[in-house]
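First the structure, in the form of structure tokens, and then the observations on it.
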Amino acid sequence: MSDPVVIVGASLGGLRTAEALRRSGYAGPVTVFGDEPHAPYNRPPLSKDVLAGGEVTHAAVAFPQRAATADVLWRLGTRIGSADLERRRVRTADGEEVGYRALVVATGLRPKRLFPRTAALAGAFALRTLDDAGELSAALTPGTRVVIAGSGFVGCEVAATARQLGCEVTVVGSSGLPMLGPLGEALAEDLMERHEQRGVSFHMGTHVAEVIGRDLVEGVRLADGSELACQVLVEAIGSVHNTEWLSGNDVDADLGLRTDSAMRVLRVDGSPWPDVFAVGDVARFPNAIYGDTPASIEHWNIPTETAKRAGRVLALQLAGDPGLADAVAERFAPIPSFWSDQYDIRLLAYGLPALADRVELLAGRRGEDCVYGYFVGAELVGVCGIGMRSEVMRHRDEVSRYGQLPIGETD
Ligand SMILES: Cc1cc2nc3c(=O)[nH]c(=O)nc-3n(C[C@H](O)[C@H](O)[C@H](O)COP(=O)(O)OP(=O)(O)OC[C@H]3O[C@@H](n4cnc5c(N)ncnc54)[C@H](O)[C@@H]3O)c2cc1C
């Protein structure tokens, strides 16, 4: 039997790649390695309803397994420690070598920690996995003082959930406003006010300089000199790409694994490894909407879009299909999209608001349901709303045309 297609990472990107391979006609063996003990599951509820529900179970978040991938071999609880791309082999952390016909990297991200010691400190938590959510959920009891380091998506969502569970919540953020990058000033200010109205405190423009407590979190000292007592510290300060296991190979893994627009992993000289692909949060790829510069986009729809693309190209390649060259050359332009639920606040966005040089209220009112447009010059590069979903979605196509208009022309 021929070597399998090996997928490393048994989450959204890995699962969707296996499905795309089957849908595109590849019927050969597929082996998926995942270091978590769980079959693929959905992460967004981990900071929202699942965390708020008090009981965190795999059943509540598991992705349904489709019949087409029933014969995929899932090697869960098995970490890949290294790879040799020249010899087409991966090696598990236990030293088992597995040959592959093609390799798909779907290893995602892991949370950055504040200090090396906090990973082992009782009362300090990071949130990426189901097991993380189970541990954090048990600690969020009414009256618990919680400090959240980081005011991005995960920090704000955990703040809302912890507050709803009756915790005393303080958010510490290095920017001036929470979620400032993805929302822009007006909406970020509005969001902060809504959190404050529900009892969350903010210390913005500073960061946690020290954690107080030897074996157990007792509080934090901030860079501005103030001290906050707490029993729970949630570290939501960003993420690191899981690419160390590829070190020693000719790849560019700086800020995500660089690929071409067909999701083929690139060598440092820019030429593709024909049989190595990357999908999801770990991939840094060029999106035709935004020009040639590769970027990693860590939103939920991107693992699916990149997996569909990689699975199709790889299936054509494995079949020796003459359509491969055309498929590789096809325009790849997935529209980034994110949502975030905090209390009854439902944020939905398309595009990349962070690129904007100007923000305009398109509909509704600040403090109520509202939609903001994010512009580069006259072109809409992003749209984000609280509520008003149909109004947000109305602008989706326009956002996807960013960069397509000749300079000076608008529609
Ligand atoms: C708490 C939370 C809330 C979120 N909420 C939203 C939201 O509201 N909206 C939104 O758009 N996005 C949200 N996201 C982001 C979204 O979940 C991610 O974009 C998505 O999970 C990425 O999927 P992925 O398959 O690329 O990577 P991941 O889901 O990170 O999966 C990678 C898998 O690979 C495994 N792995 C890593 N290294 C190895 C190795 N060497 N060997 C074997 N296995 C390995 C990891 O353990 C993991 O299981 C949220 C994420 C989190 C954590």
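Data table
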| item | result |
| --- | --- |
| Checking Val220 against (1) in a helix (DSSP H, G or I); (2) surrounded by 21 or more Cβ atoms within 10 Å (Cβ to Cβ), the condition it does not meet | (1) |
| Complete set of residues in segment 287-307 that are assigned to a helix (DSSP H, G or I) and surrounded by fewer than 20 Cβ atoms within 10 Å (Cβ to Cβ) | Ala288, Tyr290, Asn301, Thr304 |
| Check on Ala262, in a loop (DSSP other than H, G, I, E, B), under 19 Å from Ala329 (Cβ atoms) and of a type in the set (A, V, I, L, M, F, W, C) | yes |
| Residue match in segment 9-16 (condition: among the small types (Gly, Ala, Ser) and either farther than 17 Å from Gly280 by Cβ or without any contact (Cβ under 8 Å) to a residue 60 or more places away in the chain (or both)) | no |
| Qualifying residues in segment 125-134 (those that are among the hydrophobic types (A, V, I, L, M, F, W, C) and not in a helix (DSSP H, G or I)) - the one farthest from Leu12 (Cα to Cα) | Phe125 |
| Condition check for Val276: within 13 Å of the ligand (Cβ to nearest atom), touching a residue at least 40 places away in the same chain (Cβ under 8 Å), assigned to a strand (DSSP E or B) and at negative phi | no |
| Gly9 vs. criteria in the same structural domain as Asp252 (by TED's automatic domain parsing), buried (at least 16 other Cβ atoms within 10 Å of the Cβ), in contact with an Asp or Glu (Cβ under 8 Å, 6 or more places away or on another chain) and closer than 30 Å to Ser340 by Cα | no |
| Within segment 19-42, tally of residues that are within 9 Å of the ligand (Cβ to nearest atom) and surrounded by fewer than 16 Cβ atoms within 10 Å (Cβ to Cβ) | 1 |
| Selection from segment 138-163 of residues that are under 21 Å from the mean Cα position of the chain (by Cα), crowded, with 21+ Cβ neighbours inside 10 Å and under 22 Å from Phe115 (Cα atoms) | Ile148, Ala149, Gly150, Ser151, Phe153, Val154, Gly155, Cys156, Val158, Ala159 |
| Residues of segment 82-124 satisfying the condition of being assigned to a strand (DSSP E or B), assigned by TED's automatic domain parsing to the domain that holds Leu314 and over 22 Å from the mean Cα position of the chain (by Cα) | Ser82, Ala83, Asp84, Arg89, Val90, Arg91, Thr92, Glu97, Val98, Gly99, Ala102 |
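The values are calculated or read from the model by the stated rules, or taken from the named source; none is laboratory data. No experiment lies behind these values; they were computed from the predicted model shown. A quick note on method: Cβ atoms are made from the backbone with ideal geometry, for glycine too, and the neighbour counts reach across all protein chains shown.
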